[in-house]
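Remarks on the structure that follows.
The values are calculated or read from the model by the stated rules, or taken from the named source; none is laboratory data. Model, not experiment: these values are computed from the prediction. Counting neighbours? That spans all protein chains shown, and the Cβs are built from the backbone with ideal geometry, glycine included.
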Amino acid sequence: MEFSLLLIQLLNGLQLGILLFLLSAGLTLTFGIMDFVNLAHGALYMLGAFFCASLTLYTGSFILAILLALPLTALAGYLLEKLVVQHLYDRNHLDHVLATFGLILCIDTIVHIIWGPQGIAIPLPAWLSGQVELFDGVVLPSYRLLIIGVGLLAAAGLYVLVNHTRLGMLIRAGASNRKMVGALGVDITALFSGVFALGAALAGLAGMLIAPITEASIGMGSDIIITTFVVIIIGGIGSMKGAFLAALLVGLIDTFGRSFLDDFFKLLMSTEAAETAAPAVSAMLIYILMAIILAFRPQGLFPPLSR
Amino acid sequence: MKKILSIATLTALISSPLFAADEVKIGFVTTLTTGAASMGKDQENAVNLALEHIGNTMGGKPVKLIMADDGFKPEVGKQATDKLVKQDDVDFVAGYLWSHVLLASRKSVLDSGKFLISANAGPSAVAGKLCHKNFFSASWQNDQTPMAMGETLNKQGVKSIYVMAPNYAAGKDMVAGVERTFNGEIVGKDLTKWGKDAQLDFSAELAKAKASGAEGLFVFYPGKAGGAFIKQYEQAGLRDTLPLYTVFTIDALSLPKLQEGGMKGVLGSQMTQFWSPDLDNETNTRFVADFRAKHGSYPSFYAAQAYDSIMLIKSAVDAVDGNLDDMDGMRAAMKTADFPSVRGKFSYGNNHMPIQNFYTRTVVEDKDGNWTTTIDETVLENHQDIYAANCSM
């Protein structure tokens, strides 16, 4: 029994990590390549969820809704970049924070006006709302497995894109030395817009995948953006590989902390003290991890080369 | 020139306190923005319905309602309260969904000598040491509802439960409440992260709860976390193995969304509450029917409490015939709780917290196919909170 619980929690951690990766991939690219701090990245995650929710209710198919909502979210990201973000690249980080914080408020209010204050639940098709028994005693909701599958596919797609295409080469080059790429005659403006839209689509995908578990709701982006920053800092800003491994690490540590820390603490202290301490410490675990990494390896675990 | 002068005099007259005293000013603080805005919206709808029912008059005077947003934050709630008290000079401040907002704001109202009516929050401090002659609750004290749930579990012969709640003041109150009355064993407990980056994915906790072998699962997840929890409970397929018992988690706001999402697992799950849409009394029948006619959905308990707040205030103003300077008269009137309440007849304790019944409710489908809750039985009769003894009034 203990072993099967361990295995279940491993998969739960993997699923959380994959969602975090989809979010942090876009963030690490914009931060790493354009040197742009985008607090509003979470707003795109929220937009993705709302697009998908509306489209699911409209078309009646969750999968079709995702396929339609993906380009929509990318378009929203593209417009955001063209209209607002583009004019901010030359400013300093504090201005980025201020402007994108303003964007969060604007987008939250727009969503409030369009969809109302209450969130939207996304109904899952019957084949996704059941459970799957992987091994004896290891039962997992089938939808969680789908998240893992889709996330891994997206990660593989990104891997190919970043490492084996010309666009990926430019992205990697941009992350290493942005000025040099510009000096070599690459259309930096178009590259930035493309990367921003790609990041938006990935964040939107994460929102679409999480919405049937929680719901599409206002402020859902702000809830997760801090964790996403933790991931890219641990992984090394601008590094796709770093974002992937750090996201899995954070997902697993968070899940295992929530699962087993109280039992572990009970070995060391009284039950009562353990019950108070465990939730507090497990909520802090990923921040403790980030602090340790910042202390010993401030550039993150896998920083892009030659920065 | 003459015209301008007369307009100026008119404006001066309208804004003079002479005219202002001819109305009853009520400030209502709730959450109108953020993800919790739907709770505040429901309260606002109920307040407006109550004013409609009483013809917008109390003690022969027209009522002026000022809604204020607390943004789900104690400091914003306090600012809004300060504005109501100092700038708008209201006669009553009502509302407050959240315990921490109420605790931050109470002093502003009470120090200025005005009445404070809670339409939801019931933190233990306000019922005990911090009780005040000008504070009245139109809801309940936090611990009462989970205590009723503990009794329900005992009655149904549940031997062991697994407990989950968010890790903040009210979450701990709820866990303490159920622990106080439940006689069986609590085999596991999870307090999950709450606040700015609240945890909404409960996969790890649900896996633990399932592995614990408990006979039931007790949870407290207010607002949007409640809907998220129910969905994951359903997706994890725990309906048949781990029956769900909740407080303040499933309400008239989350049920339509759960129904839309096809979360059938919630049907049949049980909760405790001081009120239910099907509670059989004249006031409640009218309230629920008119609310549904107007807004198309069942009112939530937040709405029920907001409705009662207005009726409680009306009973006070009526008793003194609109003489708003007669604080003692209004206080004495409110203390008798002599007004048509949606929960039926109840009384106030020394700490101005209701002494009232608590019911076990089950989620069912009504005859029109909407999901709602119905009362099974009274589990605590005329129940008084345990903090009343700490109140020196």
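See the values below:
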| read-out | value |
| --- | --- |
| Residue list for the range B:58-100, restricted to those being of a type in the set (D, E, K, R) and touching a residue at least 60 places away in the same chain (Cβ under 8 Å) | B:61, B:88, B:89, B:91 |
| Matching option when the condition is at pLDDT 95 or above, closer than 30 Å to residue B:167 by Cβ, within 24 Å of the chain's Cα centre (by Cα) and among the small types (Gly, Ala, Ser), among B:71, B:35, B:95, B:27 | B:95 |
| Looking only at the range B:160-197, and only at residues there that are within 11 Å of another protein chain (Cβ to nearest Cβ) and of a type in the set (Ser, Thr, Tyr), the one that is surrounded by the most Cβ atoms within 10 Å (Cβ to Cβ) | B:192 |
| Matching residues in the range B:210-232 - criterion: being within 10 Å of another protein chain (Cβ to nearest Cβ) and more than 20 Å from the chain's Cα centre (by Cα) | B:210, B:211, B:212, B:213, B:228, B:229, B:230, B:231, B:232 |
| Among (1) closer than 27 Å to residue A:69 by Cβ; (2) crowded, with 23+ Cβ neighbours inside 10 Å; (3) within 14 Å of chain B (Cβ to nearest Cβ) - the single one residue A:255 does not satisfy | (1) |
| Set B:306, B:316: member being part of a helix (DSSP H, G or I) and either within 27 Å of residue A:118 (Cα to Cα) or out of contact with any helix residue (DSSP H, G or I) (no Cβ under 6 Å at 6 or more places or on another chain) (or both) | B:306 |
| The one condition in (1) at pLDDT 95 or above; (2) surrounded by fewer than 24 Cβ atoms within 10 Å (Cβ to Cβ) that residue A:226 fails to fulfil | (1) |
| Single match in B:327, B:334 (criterion: outside the structural domain of residue B:255 (by TED's automatic domain parsing), farther than 25 Å from residue B:43 by Cβ and among the aliphatic types (A, V, I, L, M)) | B:327 |
| Some residue of the range A:148-157 being in a helix (DSSP H, G or I), more than 10 Å from every other protein chain (Cβ to nearest Cβ), more than 30 Å from residue A:178 (Cβ to Cβ) and free of Cβ contacts under 8 Å to residues at least 12 places away in the same chain | yes |
| Selection within the range A:205-247 - among the hydroxyl-bearing types (Ser, Thr, Tyr), within 22 Å of residue A:74 (Cα to Cα) and either away from every other protein chain (no Cβ under 13 Å) or in a loop (DSSP other than H, G, I, E, B) (or both) | A:217, A:239 |
| Residues located in the range B:233-249, provided they are more than 13 Å from chain A (Cβ to nearest Cβ) and buried (at least 21 other Cβ atoms within 10 Å of the Cβ) | B:244, B:245, B:246, B:247, B:248, B:249 |
| The range B:377-392, residues that are part of a strand (DSSP E or B) and surrounded by 14 or more Cβ atoms within 10 Å (Cβ to Cβ) | B:379, B:380, B:383 |
| Residues that are closer than 20 Å to residue B:177 by Cα, part of a strand (DSSP E or B), hydrophobic (A, V, I, L, M, F, W, C) and in contact (Cβ under 8 Å) with a residue 60 or more places away in the chain, drawn from the range B:353-376 | B:358 |
| Members of the range B:262-282 found to be within 12 Å of chain A (Cβ to nearest Cβ) and in contact with a strand residue (DSSP E or B) (Cβ under 9 Å, 6 or more places away or on another chain), listed by number | B:265, B:266 |
| Qualifying residue in the range A:161-182 (condition: at positive phi, without any contact (Cβ under 8 Å) to a residue 24 or more places away in the chain, part of a loop (DSSP other than H, G, I, E, B) and more than 14 Å from every other protein chain (Cβ to nearest Cβ)) | no |
| From the options A:54, A:61, residue that is polar (S, T, N, Q) and closer than 20 Å to residue A:42 by Cα | A:54 |
